Every structure is written in structure tokens, then in C-alpha cells.
Amino acid sequence: MGRDLADLRKEYMLGGLDENEVDRDPIVQFRRWLQAAIDAGVAEPTAVTLATATRDGVPSARVVLLKDVDEAGFRFFTNYGSRKGRELDENPRAALCFFWPDLERQVRVDGQVERVSRADSEAYFHSRPVSSQIGSWASRQSAPLASRALLEARVAELSARFAEGGDVPLPDFWGGYLLRPSAIELWQGRPSRLHDRLLYTRSVDSDGGGWTLTRLSP
């Protein structure tokens, strides 16, 4: 490479993060940060790294798109037979990591994962472009593929079939997941790598499922 990677660095200067200025509810605060990323024109503001692991703890990670967030948690959709789907079946815990470099911000989320209802999966599936719906049928996600041509032939075959039958049905092997957070960490870049980190942890002894806020060392 033309430049030593160890010499690549950026000083974070945009602002700080004060525990007296954030909302005590991390979902409310996350929504504020997500909206700020959208308003700032951040590319793919809903893109998030999803980390899963096998029953034996072998990890894997990939980028997915957040499709909804509310008080229950964070939702994303995928093929249940994909590697992430299989790992979530074995080990229904996962982590999310959002990074918005334009704002020098990161959010990490840990929690338990469950499938959403079929009705919720249906609603989202039919909100997608028809080409994406057909793509969900055509792709055996994470399975070996002999050639691109085979995939394109499968898409053509399904396009013709569903053109005759009307609406594209939701595949049984495709749907949504809800990550119910047990911890959410906000990170704001600061100079000299002395970043601000605020950790929300769910209070297990709270009747309302409240949150405890703690500042972490950089």
C-alpha cells in the first residue's frame, strides 16, 4: 500500500456527549441521533452491522438495514435460512453497531432476538418493490451458487410465474426479527481519542423496565 495504515488517523472535533443533556430513554435518544443522521445526509443512515454467533460462540457479522425501531426494540428482515438466520435459531442473542462518521457518532446495541409475527413480515414484505420480493424468492441466501447466470434464470422464471398469478406471496423462509435491547451505548468522538461513551442498561429490578445510565471510560 502507498501509505502506512498506522499513520491514518482523524481527529474528532464535532462535539461532546453530556449525560445531563441526553434523554433518559435510550430509544428516544437513538431516534434523535438517527434523525440527525438522516437530516445530515449521511449515506445509508439505517445501515447497521449485525453480529451473531453460533451455539458454540463462533461469531459472524454483516451489514443489514434497520426497518423500524420503537419501545420494543429494533427490527430487521432477512432470509431465515441465511447464516445469520441459522445462528439466531441456535443462539438468539445479537449485537448491532451503527456508525455515522459524518457526525462522529456510534451506537452499540446488545439484546435478545425473536422473530416478528407473520403479519408484520407480510406488511413489510409487500411494502417492498416487486423486484425485491421476487429476489427474496430467488435467492437461497448464503447457500453456494454455481453461477450468476443460474440466479438470473431463477429470477426470470419467478417473474414470469408471479406475473400470471398477481401478488407475490411472502415466502415461508423469509421474515423479520426484533432485537429487544438490554444495553445501548452512545459514542461521540472527541479529540485525542478521549471519546465520550454513555451506556444505558436495562434495570432488571424496575417494574417499568427502566434504564440506568453510566459513563464509560474512552
Hey, can you tell me all the residues within region 195-218 that are at pLDDT 95 or above and not hydroxyl-bearing (Ser, Thr, Tyr)? His195, Asp196, Arg197, Leu198, Leu199, Trp211, Leu213, Arg215, Leu216, Pro218
Go through region 58-77 and give me each residue that's in contact (Cβ under 8 Å) with a residue 24 or more places away in the chain and over 23 Å from Arg202 (Cβ atoms). Ser60, Phe77
Evaluate region 86-109: report whether one residue or more is in a helix (DSSP H, G or I) and touching a strand residue (DSSP E or B) at 6+ places or on another chain (Cβ under 6 Å). yes
Only one of these conditions is not met by Arg128: (1) surrounded by 13 or more Cβ atoms within 10 Å (Cβ to Cβ); (2) outside any loop (DSSP other than H, G, I, E, B); (3) of a type outside the set (Asp, Glu); (4) within 21 Å of the chain's Cα centre (by Cα). Which number is it? (2)
For region 146-218, which strands (runs of 3 or more DSSP E) that fit wholly inside it have 3 or more residues that are of a type in the set (Gly, Ala, Ser)? 174-188
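Matching residues to (1) over 20 Å from Cys97 (Cβ atoms); (2) in a helix (DSSP H, G or I); (3) at pLDDT 95 or above; (4) assigned by TED's automatic domain parsing to the domain that holds Lys67:
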site	(1), (2), (3), (4)
Met1	yes, no, no, no
Arg24	yes, no, yes, yes
Gly41	yes, no, yes, yes
Glu44	no, no, yes, yes
Thr52	no, no, yes, yes
For Ser203, state whether it is touching a Ser or Thr at 6+ places or on another chain (Cβ under 9 Å) and either in contact (Cβ under 8 Å) with a residue 24 or more places away in the chain or not assigned by TED's automatic domain parsing to the domain that holds Ala36 (or both). no
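The values are calculated or read from the model by the stated rules, or taken from the named source; none is laboratory data. Note that the structure is predicted; figures quoted are calculated from it, not measured. Ideal geometry is used to build each Cβ from the backbone, glycine not excepted, and the neighbour counts take in all protein chains shown.
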